[in-house]
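First up is the structure itself, then whatever we jot down about it.
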Amino acid sequence: MSIQTRKPAAIIWQHSAERDQPAISLDENSKLDKESVLNKLRESFNFPDYFGDNWDAAYDLLLDYVDQMEGAATWRFSINRASNVNEADLADWIHMMTDLCTYAESRGLALRIVIHDSPKAGDQAFEEEAVSEIITSEVRESVERSVLCWLATTDENGQPNVSPKEVFAVADSQNIVVANIASPRSARNIRANQKVCLSFVDVFVQKGFKIIGTATEVKRSEPEYSHWVAPLLTMAGDRYPIHSVFVVSAIAAEPIVAPSYRLYPSETTEESQIQSALRTYGVTRDKDG
Ligand SMILES: Cc1cc2nc3c(=O)[nH]c(=O)nc-3n(C[C@H](O)[C@H](O)[C@H](O)COP(=O)(O)O)c2cc1C
């Protein structure tokens, strides 16, 4: 069984052209080096006056930030390649942020660092990111073909809860969003334990995916709400008010396949499964009807 997993440290490289949200630029006066990066961190994270202008001090102060996180967080940075970039200083900063993500993960918190950069030809960081993408186009198509998903959560005692959700969508290459219309227990459980599993199958083709990840509830009052709810609004329409959005940050995607594909490979095709499902459910396709 092929399971795609994300490296524990969630450093995500995106092309500058894909930038759709504000980001902390790491350069200053056409230079990107230790001084400019520490200055930008100081400004953006309100470091106190006693901040000692070194990586260790910055790391300690950022750890305090992580300790105060209540759910998943994304920190966005940008690199302007027109600036004079000190690659060694940039590498030190990336190393520090990687350690920070690993620390967050050890505490069950999903911290993502998105770096908007302009890749050079053959740039390894961008190539690695392409390989480690979890919500691939195959997963996205499967979400679009699946009418329902099933969201599994657990409470503080480990008691599982599974419930169906129809209003769900891929938000980006990392996140699936689910509308909380009538899901009080899922919401309560996510507050107690962010670990979730989300399954969906195309009931005709009888294939789908299981997404393992961490979920955060984004409420209407939060500034990011409008961003996350956007893909769900047309699906829910006016008749189904959305109270909040469960943002599921994917750590792994595992295919779900009906046993027939493996037990009877010579006679099982997607088309034969569709025909069999149409008979089982007593329905016809538009083009057949
Ligand atoms: C077909 C179907 C689709 C549903 N879609 C959603 C949905 O998109 N969002 C939602 O919050 N509830 C949806 N529900 C309702 C919840 O599954 C239901 O209220 C459930 O009891 C919630 O359980 P929970 O509080 O454990 O999450 C749907 C129910 C069904 C039967």
Quick one: in the stretch 79-91, which of the residues that are within 24 Å of Pro22 (Cβ to Cβ) and under 27 Å from the mean Cα position of the chain (by Cα) is surrounded by the fewest Cβ atoms within 10 Å (Cβ to Cβ)? Arg81
Look through the stretch 170-199, keep the residues that are within 14 Å of the ligand (Cβ to nearest atom) and part of a loop (DSSP other than H, G, I, E, B), and return whichever of them is farthest from the chain's Cα centre (by Cα). Ala182
Assess whether Val283 counts as being among the β-branched types (Val, Ile, Thr) and surrounded by 20 or more Cβ atoms within 10 Å (Cβ to Cβ). no
Filter the stretch 29-45 down to residues that are part of a loop (DSSP other than H, G, I, E, B) and in contact with a helix residue (DSSP H, G or I) (Cβ under 8 Å, 6 or more places away or on another chain), then give me how many there are. 3
Name every residue in the stretch 200-238 that is among the hydrophobic types (A, V, I, L, M, F, W, C), out of contact with any Leu (no Cβ under 9 Å at 6 or more places or on another chain) and either in a helix (DSSP H, G or I) or over 26 Å from Ala104 (Cβ atoms) (or both), in order of residue number. Val205, Trp228, Val229, Ala230, Leu232, Leu233, Met235, Ala236
I'm told Ser142 meets every condition in (1) in a helix (DSSP H, G or I); (2) within 15 Å of the ligand (Cβ to nearest atom) except one. Can you identify the failing condition by its number? (2)
Sole miss for Glu70 among (1) under 18 Å from the mean Cα position of the chain (by Cα); (2) surrounded by 16 or more Cβ atoms within 10 Å (Cβ to Cβ) is condition (2)
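Here, each number is a calculation from the coordinates, and none is a lab measurement. Here the structure is a predicted model, which means the values were calculated and not measured. Virtual Cβ from ideal backbone geometry, glycine too; neighbours counted across all protein chains shown.
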